[in-house]
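Peer 1: Take this structure first; my questions come after.
The values are calculated or read from the model by the stated rules, or taken from the named source; none is laboratory data. Because the structure is predicted, anything quoted here is derived from the model rather than measured. Neighbour counts run over all protein chains shown; Cβ positions are idealised from the backbone, glycine included. Areas reflect the complete protein model, heavy atoms only, side chains present, ligands, DNA and RNA absent. Shrake-Rupley method; radii C 1.70, N 1.55, O 1.52, S 1.80 Å.
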Amino acid sequence: MYKQEAREEYLQALKLGQKEYKNAIAEQRNPYPEVLDEVLGANNADIVQDIGLVDIPTEKIIGVKSAGRITAFTANFLPLLGTDSEFCYKWTRLCEAHLSTGIRDPILCYEYLGNFYVQEGNKRVSVLRYFGSPRISAVVKRIMPQKTEEPRIRAYYEFIDFYKSAGLYQIQYHKPGDYATLLAHLGKDSGQKWTDREKRTFSAYFQYFRNAFNELNGKDLGLSPEEALLMWLEVYPFQDLGRLQEKELKKTLTAIWEDLTAISLPQPVDVRTEPEETDEVPGMLTRIITGTPEHLKVAFVHALDPQRSTWIEEHDLARRYMQQIMGDKVSVKSYYNANTPEEAEILLDRAVEEGAEVIFTTTPQLSRATLRMAVKYPKVRFLNCSMDTPYHSIRTYYGRLYEAKFITGAIAGAMADDDEIGYIGFSPIFGELASVNAFALGAQMTNPRAKVVL
């Protein structure tokens, strides 16, 4: 019944395979699946673990265990052999089974660093991938790499912990810390077991997100869908994936596209200590500072108030100084006690409603709320006081506090009678670490024997 249809499907798959092969050769890429034995090399001492029967993501199957007949497939497991081959006969029979009762026998494969390499069942993979199956049943053996400080290996060991709790292979991060960030966005603790319902819900939502991201040509950014999801979750709650229509979801992705582009860059944060030379028309703040008679409404949103925080007090002194210098060219309003994400967004909304054209949020803890509002109000300029925020929608600023810390370190080194100096740090963020290091270098300059106790 399905024999002729299966034959026609093979001809179509073969045509696609030949096209993929030619494109790979033209682009000087390997046209065939990767070979795990070649990836591992002859001297690997990695440990093999039996994982058992698992539904694995089809797109994570990137190769085969041993070279064998890899020339029968493209890198995406599309067929390359002619219609008079035994391969074509077997592929067609499997296609018939898929069209009638479905392919039920699991494949055998190895997993290494989150990717899968087929030992038995290449043609099953070929048929199911051709028909767009998102998952394949597989008996999996995991090859555990030896622990190193390499970021990719560290991230993989974080995946192992994530997998023990969530049992999901779809999410593969290559940077340490990303799994913890994902769990925080989902409101889950590390090691907390996922229920079957939570697994199904997450898988369905992620598939929905991935489809929208791919349809917008997200892969051209060099980002994986899961990396894009982390950025999206900085702005929108995970539950929105269950209520947004496809058009609405794509609209939210389009709204943060410049931010996705920014985080895909090799160095997403560009630190500048001098004004940028440009032939463009000066920005709003530049025009005011250089004397153009315009009026600007500015807002400062603080996590605390000047009475409880010297950090906020110093920002408030700067605000008063700005008003003193600029006079009637600027009007400023301050908003205090944005000490929760919810309160921060309420105050930022209020600042925009009250006409603010430029908004400063004065602590790194407000960066996420600032980002959400920057996406919501693209015509308002947002600046957050932090050092490592790799987004396009907001700008960051930070004082060169390390310069003053170097001087105080030099004074402390000269005054330390017993060569031991205490330093109380605020929190382990980039600016504070730079200040601690500068202080220690200053102390060392005046007292080579000095020891800084942090």
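Peer 1: Work out which helices of the chain, taken as complete DSSP H runs, extend at least 20 Å along their axis over the Cα atoms and score a mean Kyte-Doolittle of -1.0 or more, then list them. Working shown, then result.
Peer 2: Details: long enough: 3-26 (35 Å, -1.17); 86-100 (21 Å, -0.34); 151-166 (22 Å, -0.50); 196-215 (29 Å, -1.39); 310-326 (24 Å, -0.84); 401-415 (21 Å, 0.97); 430-446 (25 Å, 0.81).
Answer set is 86-100, 151-166, 310-326, 401-415, 430-446.
Peer 1: What do you reckon, how do Val125, Val452 stack up by accessible area (1.4 Å probe), largest on top?
Peer 2: The ordering from most to least exposed comes out as Val452, Val125.
Peer 1: Please report, in debye to the nearest 20, how large the charge dipole of the stretch 37-123 is about its Cα centre when each Lys and Arg carries +1 at its beta carbon and each Asp and Glu carries -1 there. Could you put the intermediate results ahead of the total?
Peer 2: Numbers: 7 positive and 12 negative charges, 47 e Å.
That gives the stretch 37-123 a dipole magnitude of about 220 debye.
Peer 1: Tally the DSSP beta bridges in the chain and give the antiparallel ones as a percent, rounded to 5. Display every interim value, and only then the final one.
Peer 2: Details: 16 of 47 bridges.
Of the beta bridges lying entirely in the chain, close to 35 percent run antiparallel.
Peer 1: Contact order normalised by length for the stretch 342-454, with contacts defined as Cα pairs under 8 Å and 6 or more residues apart; what percent is it? Before the final figure, lay out each step's value.
Peer 2: Details: 168 pairs, mean separation 24.2, N = 113.
Computed over the stretch 342-454, the figure is 21 percent.
Peer 1: Continuing with the same structure: Taking a 28 Å limit on the Cα-Cα distance, which of the listed pairs Lys141/Lys247; Lys219/Lys247; Lys193/Lys250; Lys188/Lys250; Lys164/Lys251 fall beyond it?
Peer 2: Check vs 28 Å cut-off fails for Lys141/Lys247; Lys193/Lys250; Lys164/Lys251.
Peer 1: How far apart, in nm, are the 7 Å Cα→Cβ label points at Asp220 and Ala404?
Peer 2: With each label point 7 Å from Cα toward Cβ, the separation is 4.7 nm.
Peer 1: Which value, in Å², gives the accessible area per residue of the chain when a 1.4 Å probe is used on the protein heavy atoms? Kindly include the intermediate steps, with their values, before the conclusion.
Peer 2: Values: 25590 Å² over 454 residues.
Here the per-residue accessible area is 56 Å².
Peer 1: Which value, in Å² and to the nearest 10, is the accessible area of Leu78 when all protein chains are kept and the probe is 1.4 Å?
Peer 2: We get 30 Å² for Leu78.
Peer 1: One-quarter of the Cα convex hull surface for the stretch 344-409, in nm²? Could you put the intermediate results ahead of the total?
Peer 2: Numbers: hull surface 20.0 nm².
The orientation-averaged projected area of the Cα hull of the stretch 344-409 comes to 5.0 nm².
Peer 1: Keeping the other protein chains in place, figure out the carbon and sulfur percent of the accessible area of the stretch 49-138, with a 1.4 Å probe.
Peer 2: Details: 1770 of 3990 Å².
C and S atoms contribute 44 percent here.
Peer 1: Okay, moving on. Could you compute how much accessible surface Asp196 exposes when probed at 1.4 Å, giving the result in Å² to the nearest 10?
Peer 2: Counting only protein heavy atoms, Asp196 exposes about 100 Å² to solvent.
Peer 1: Kindly sort Met144, Met445 by accessible area of their heavy atoms, largest first, with the probe set to 1.4 Å. Can you show the working numbers first?
Peer 2: Values: Met144 20, Met445 120 Å².
Order by accessible area, largest first: Met445, Met144.
Peer 1: Using +1 on the beta carbon of Lys and Arg, -1 on that of Asp and Glu, and nothing else charged, what's the dipole of the stretch 1-64 about the Cα centre, debye to 20? Don't skip to the end; give the middle numbers.
Peer 2: Numbers: 7 positive and 12 negative charges, 88 e Å.
The dipole magnitude comes to about 420 debye.
Peer 1: Additional query: Let a ≥ b ≥ c be the square roots of the eigenvalues of the Cα gyration tensor of the stretch 7-116; is it rounded (a/c under 1.5), or, if not, prolate (a/b larger than b/c) or oblate?
Peer 2: Working: a/c = 2.24, a/b = 1.28, b/c = 1.75.
It is oblate, given that a/c is not under 1.5 and a/b is not larger than b/c.
Peer 1: Could I ask something else about it? Rounded, prolate or oblate: which one fits the stretch 310-454, using the alpha carbon gyration tensor with axes a ≥ b ≥ c (rounded when a/c is under 1.5, else prolate when a/b beats b/c, else oblate)? If you can, show how the numbers build up before the last one.
Peer 2: Working: a/c = 3.00, a/b = 2.19, b/c = 1.37.
Judged from the Cα gyration tensor, the stretch 310-454 comes out prolate (a/c at least 1.5, a/b above b/c).
Peer 1: Determine the order of Ile51, Ile411, Ile136 by accessible area, beginning with the largest, at a probe radius of 1.4 Å. Walk me through the numbers before you get to the answer.
Peer 2: Working: Ile51 50, Ile411 90, Ile136 5 Å².
Solvent-accessible surface, decreasing: Ile411, Ile51, Ile136.
Peer 1: Quick one: which residues, 5+ away or cross-chain, put their amide H under 5 Å from the amide H of Ile51? H built at 1.01 Å from N.
Peer 2: Amide H to amide H, under 5 Å and 5 or more residues apart or across chains, Ile51 pairs with Val140, Lys141, Arg142.
Peer 1: Work out, in µm²/s and without decimals, the Stokes-Einstein translational diffusion coefficient of the stretch 109-221 at 4 °C, 1.567 mPa s, Rh from Kirkwood over C-alpha pairs.
Peer 2: Numbers: Rh = 15.8 Å.
It diffuses with D of about 82 µm²/s by this estimate.
Peer 1: Can you pull the accessible area of Thr148 for me, 1.4 Å probe, Å² to the nearest 10?
Peer 2: 70 Å²
Peer 1: Let me ask something additional. Classify the chain as rounded, prolate or oblate, taking a ≥ b ≥ c as the square roots of the eigenvalues of its Cα gyration tensor: rounded when a/c is under 1.5, otherwise prolate if a/b is larger than b/c and oblate if not. Present the calculation step by step, with values, prior to reporting the outcome.
Peer 2: Numbers: a/c = 2.60, a/b = 1.87, b/c = 1.39.
Prolate is the answer for the chain, as a/c is 1.5 or above and a/b outweighs b/c.
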